[in-house]
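Visitor: The structure is given below, and queries will be raised subsequently.
Here, each number is a calculation from the coordinates, and none is a lab measurement. Not measured: the values here are computed from a predicted model. Positions of Cβ are generated from backbone atoms using ideal geometry, with glycine treated the same way; all protein chains shown enter the neighbour counts.
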Number of protein chains: 2
Amino acid sequence: MPPDYFSGENLTQYPFISPIQASIQEVEDLMRSQARDRHPELQAALDHLIIAGGKRVRPTLVLLTGNMLGAEHDRLIKTAAAVEMLHTATLVHDDLIDGALLRRGNPTLNSHWSPAATVLTGDFIFARAAKLAAETDCLPLMKLFAETLAIIVNGELTQLFSSRGLANRENYDQRIYAKTASLFEMSARAAAMISPVDPAKVEKMRQFGRNIGMAFQILDDILDFTGDQEAVGKPVGSDLLQGLITLPTLYFIEKYPQDANVVTLLNGNFSREPKAMTNLVQSIRESESIELSLNNARSLVEEAILILNQMPAGEERQALEDLARYIVDRKN
Amino acid sequence: MPPDYFSGENLTQYPFISPIQASIQEVEDLMRSQARDRHPELQAALDHLIIAGGKRVRPTLVLLTGNMLGAEHDRLIKTAAAVEMLHTATLVHDDLIDGALLRRGNPTLNSHWSPAATVLTGDFIFARAAKLAAETDCLPLMKLFAETLAIIVNGELTQLFSSRGLANRENYDQRIYAKTASLFEMSARAAAMISPVDPAKVEKMRQFGRNIGMAFQILDDILDFTGDQEAVGKPVGSDLLQGLITLPTLYFIEKYPQDANVVTLLNGNFSREPKAMTNLVQSIRESESIELSLNNARSLVEEAILILNQMPAGEERQALEDLARYIVDRKN
């Protein structure tokens, strides 16, 4: 397999990974073992998904939080694997729904499998994620797991049924919470739940996870405008070209409501006027909307770090702070 | 809504329902409430699925078992709703995969919704099933729930990847266990798990559930040949016409390996020779294979009743015996 098969960056080169490097490997091994004794095609699909990888930000968040708070190792590995399997399952169904052929530069399952096999593989991964969550022997974690899945799916359905070209900050925040921050929140919260700490600390880590999750999605939405097209793996401005309004666009609309391309967008004519949308993408890239969005993500992270500072000091806390800063500094 | 909208029979006219009639209503209400405060389209979809109904055999099995063994009422209702939601979610994805437009005579979700919305609605129902299972506060039940989902989905994937026109009794048993009996097994076992009984009783009820589940699927496979086409909602012999070999066909192959249409089937030419398959359906209908299959289902049920007789006597045990007999006596 050529090295550039992994075009989706993973985090191994970052110092905040070092305290948990070996544990990430354990998490991946546990994920891969979930199709053992099942149909060989299923094992192949799971291997493909795991090799294609991703940043593993969520298991990193689980492992650092749990280690900082004294969680038992085996339960922590299971929690991290459950979170990443849940994430993987939602991606499999998402890619099918979007008809995406590539994710992180790798072929998606649905690009070479039938829709039927893709739906079922996603279902199987859900089932294994639920099993891993149950094996933590922590009922509140299990409930959180089920509730988070419901939030993610309800968010996708809401987006599916909503007309494009209409958005406000409240909708945007709800959408990115459901899409991304809910699972970051769950990651930090679940790791704290299985740790010997009081409920106040669990609540604080929940807030930490939520904040960096919101910041993570805002960065994704910024990178959709500014990112290196190859690293991001999508055309520049792809959200807006599909009529999806994210934070940079919201700031731009607020500042330039009379801009002709903004008017086209708000009239719901984005699909009939691709040239106007391409121009609007360019205007937004060059505007202060990018910096305003970035500041927004940065304040979420700064708030998260203030909360984090109430946790036990040490290598893991430092690594979590570095992870939080990485989230707003990253280039893809 | 015309009365014949409910063409899928429910069990209300059977005496074994009377001890739990009110509880079934509670289960349906709990199922319906699972989309509260979510997107209105999701609530509409769930209402549609619940009104379209089905026999509610699985919740009936849960409720009668739990009441017989002294389960706490609220946990039992949640267990029954979790089982039926899990069943419903797998049907939603199945119908999408099969491109089925009708189920039990009612339009399927995918017949009027997009595949995207159908995938996500199935996912949402999985999430709510998992939440209900977690709310029983019984970790072994939660693990059983996740494992059963994995068995069902792995079974579907295996069927998807297997070439048609090839089968033996072992494959058949594995397939109908994964497809149907695993969830019957879970229903009876889960209800026993949340009851104040020893593990030996839980194990016996697991066997009871498995046996009547195997019998249930064998009956479905017989009715595919013999059933009233309108009541079953599919053309006669639809399984075999699609190259799917079930128990009546297995008996027929064993008895008449030289039959020209059998040879066509075993050569994998079923799709190129529809006339041969229609003739084979007719031959099987008129052969002793139907009675042999029925005897098979009947012995599974008799074995189940012997196990059941080791449970506490009373109205519920009698109702479970009646339910088991209904499973092999039913006409649709």
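Visitor: So which trypsin sites (Lys or Arg not before Pro) in the range A:153-197 pass both tests, a DSSP loop state and at most 12 other Cβ atoms within 10 Å of the Cβ?
Guide: On the way: sites: A:ARG164, A:ARG169, A:ARG175, A:LYS179, A:ARG189; in loops: A:ARG164.
Qualifying residues, ordered by number: none.
Visitor: Moving on. Neighbouring Cβ atoms within 10 Å as the yardstick, rank B:HIS112, B:HIS93 fewest first.
Guide: Arranged by neighbour count, lowest to highest, B:HIS112, B:HIS93 become B:HIS112, B:HIS93.
Visitor: Give me the aspartates and glutamates in straight-line cross-link reach of B:LYS78: C-alpha distance below 16 Å, same-chain residues under 8 apart excluded.
Guide: Candidates past the 8-residue exclusion: A:GLU147, B:GLU26, B:GLU28, B:ASP29, B:GLU135, B:ASP137.
Visitor: Follow-up question, since we're still on this one. For A:SER18, which inter-copy label distances result when the label point lies 7 Å beyond Cα on the Cα-to-Cβ vector, reported in nm to one decimal and in ascending order?
Guide: Reported distances to equivalent positions: 7.6 nm.
Visitor: Moving to a separate point now. Do you know the relative contact order of the range A:178-332, to the nearest whole percent, from alpha carbon pairs under 8 angstrom that are 6+ apart? Walk me through the intermediate numbers first.
Guide: Values: 182 pairs, mean separation 44.3, N = 155.
This gives 29 percent for the range A:178-332.
Visitor: Something else about it: Which distances, shortest first and in nm, link B:ALA44 to the matching position in the other copies, using label points set 7 Å out along Cα to C-beta?
Guide: 4.1
Visitor: What are the trypsin sites (Lys or Arg not before Pro) within the range A:288-332 that DSSP puts in a loop, where the Cβ has at most 10 other Cβ atoms within 10 Å? List each step's numbers first, then the result.
Guide: Working: sites: A:ARG298, A:ARG317, A:ARG325, A:ARG330, A:LYS331; in loops: A:ARG330, A:LYS331.
Passing both the DSSP loop test and the Cβ count: no residue.
Visitor: Okay, moving on. Towards the positive end of the charge dipole of the range B:179-332, with charges on Cβ (+1 Lys, Arg; -1 Asp, Glu), say which of B:PRO312, B:LEU300, B:ALA200 has the farthest Cα.
Guide: Positive-end residue among those listed: B:ALA200.
Visitor: Starting from the Cα of B:LYS234, draw a straight line to each of the lysines and keep only those under 20 Å, dropping any in the same chain fewer than 8 residues away.
Guide: Within reach: B:LYS55, B:LYS179, B:LYS275, B:LYS331.
Visitor: Tell me the net charge near B:PHE16. Cut-off is 13 Å between Cβ atoms, B:PHE16 excluded, with +1 for each Lys or Arg and -1 for each Asp or Glu.
Guide: Details: positive: B:LYS55, B:ARG56, B:ARG317, B:ARG325, B:ARG330; negative: B:GLU315, B:GLU316, B:GLU321, B:ASP322, B:ASP329.
In short, 0.
Visitor: Placing the label point 7 Å from Cα along the Cα-to-Cβ direction, what are the distances from B:ALA313 to the equivalent spots in the other copies, shortest first, in nm to one decimal?
Guide: Going from nearest to farthest copy, the values are 7.5 nm.
Visitor: Below 8 Å between Cα atoms, with a sequence gap of 6+, how large is the relative contact order for the range A:15-329 in percent?
Guide: Across the range A:15-329, relative contact order equals 20 percent.
Visitor: Relative to the Cα centre, what is the charge dipole magnitude of the protein assembly as shown, using +1 at the beta carbon of each Lys and Arg, -1 at the beta carbon of each Asp and Glu, and rounding to the nearest 20 debye?
Guide: Working: 64 positive and 86 negative charges, 4 e Å.
Rounded to the nearest 20 debye, it is 20 debye.
Visitor: Right, here's the next one. Size of the dipole of the range B:292-332 about the Cα centre, Lys and Arg at +1 and Asp and Glu at -1 on the beta carbon, nothing else charged, in debye to 20? Don't skip to the answer; put the middle values down first.
Guide: Numbers: 5 positive and 7 negative charges, 42 e Å.
The calculated dipole for the range B:292-332 is roughly 200 debye.
Visitor: With the dipole of chain B worked out from charges on the C-beta (+1 for Lys and Arg, -1 for Asp and Glu) around the Cα centre, which of B:HIS48, B:LEU183, B:PRO115 lies farthest toward the positive end?
Guide: Sorting the options by dipole projection puts first B:PRO115.
Visitor: May I pose another question? How would the range B:9-329 be classified by its alpha-carbon gyration tensor: rounded, prolate or oblate, with rounded meaning a/c under 1.5 and the a/b versus b/c comparison settling the rest? Please report the intermediate quantities before stating the final value.
Guide: Values: a/c = 1.98, a/b = 1.34, b/c = 1.47.
Oblate, since a/c reaches 1.5 and b/c is not below a/b.
Visitor: Would you list the P(r) distribution for the protein assembly as shown, with all Cα-Cα distances sorted into 20 Å bins from 0 and each bin expressed as a whole %?
Guide: Percent of Cα pairs in each bin: 18, 47, 28, 7, 0.
Visitor: Treating the beta-carbon of each Lys and Arg as +1 and of each Asp and Glu as -1, no other charges, what is the dipole magnitude of chain A about its Cα centre, to the nearest 20 debye?
Guide: Values: 32 positive and 43 negative charges, 72 e Å.
That gives a dipole near 340 debye.
Visitor: Compare the Cα positions of A:PRO248, A:TYR172, A:ILE218 along the charge dipole of chain A (+1 at Cβ of Lys, Arg; -1 at Cβ of Asp, Glu; about the Cα centre) and return the one farthest towards the positive end.
Guide: Sorting the options by dipole projection puts first A:TYR172.
Visitor: Taking Cα atoms, how many degrees apart are the long axis of helix B:289-308 and the longest axis of chain B, rounded to 10 and kept between 0 and 90?
Guide: In chain B, helix B:289-308 runs at an angle near 20 degrees to the longest axis.
Visitor: Taking Cα pairs under 8 Å and at least six residues apart, what relative contact order does the range B:36-105 come out at, in percent? Walk me through the numbers on the way to the answer.
Guide: Working: 24 pairs, mean separation 20.4, N = 70.
The value is 29 percent.
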